[in-house]
1. Specify the residue with the greatest mean-square fluctuation among 99, 35, 62, computed from a Gaussian network of the chain linking alpha-carbon atoms under 10 Å apart.
2. Give me the log10 of I(q) over I(0) for the chain at q = 0.16 Å⁻¹, as the Debye formula computes it from C-alpha points; what are the numbers?
3. Order these peptides, 14-21, 127-134, by their mean beta-carbon neighbour count within 10 angstrom, highest first.
4. Let me check against my output: what whole-number percent is the relative contact order of the range 2-130, with C-alpha pairs under 8 Å and at least 6 apart?
5. Under a point spin-label approximation (7 Å from Cα along Cα-to-Cβ), what is the residue 101-residue 4 distance to one decimal in nm?
6. Please report, in whole Å³, the volume per residue of the convex hull around the C-alpha atoms of the range 38-77.
7. From the helices alone, meaning DSSP H stretches of at least four residues, give me the mean residue ellipticity at 222 nm for the chain, per-run term -39500 (n - 2.57), in deg cm²/dmol to the nearest 500.
8. Modelling each spin label as a point 7 Å along the Cα-to-Cβ direction, I'd like the residue 72/residue 136 distance in nm, to one decimal.
């Protein structure tokens, strides 16, 4: 299942032209940053994509979960727990139709876990990837 999820994530990321700018293939980032992120994330599964602002604001997508780091707080959710429930966080002071251009946070899954991504195309592409999950209908969430 892990390889299947990795391949689907990569296929969707490449299809949407996500790689570059603030979105990186984890395999392509420098060893220091990869070690730093993986140590903070304590992630389940294999790291696939990294959305990077700086060392205090990033999101890591693995083939089993998504983890967002904001300062000293980690938010995460297993991919199979998302249940195709995703919303953009409204941006105060902007017209509701502009939310797609300015929002930097998604609320994911039944609990509304707050996940960061750069505004504009990157966050919408991430939404597109997360909307695939769960990929296997009736599958129980993968254990951590």
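1. Of 99, 35, 62, the most mobile in the Gaussian network model is 35.
2. Treating every Cα as an identical point scatterer, log10 I(q)/I(0) equals -0.80.
3. On the way: 14-21: 13.8, 127-134: 18.8.
The packing order, highest mean first, is 127-134, 14-21.
4. This gives 21 percent for the range 2-130.
5. 4.1
6. Given the Cα convex hull of the range 38-77, per-residue volume reads 53 Å³.
7. Mean residue ellipticity, 222 nm, calculated: -8000 deg cm²/dmol.
8. Here the modelled spin labels are 3.9 nm apart.
Bear in mind these aren't lab numbers, they're just calculated from the coordinates by the rules spelled out. Model, not experiment: these values are computed from the prediction. Note that we place each Cβ from the backbone using ideal geometry, even for glycine, and neighbour counts take in every protein chain shown.
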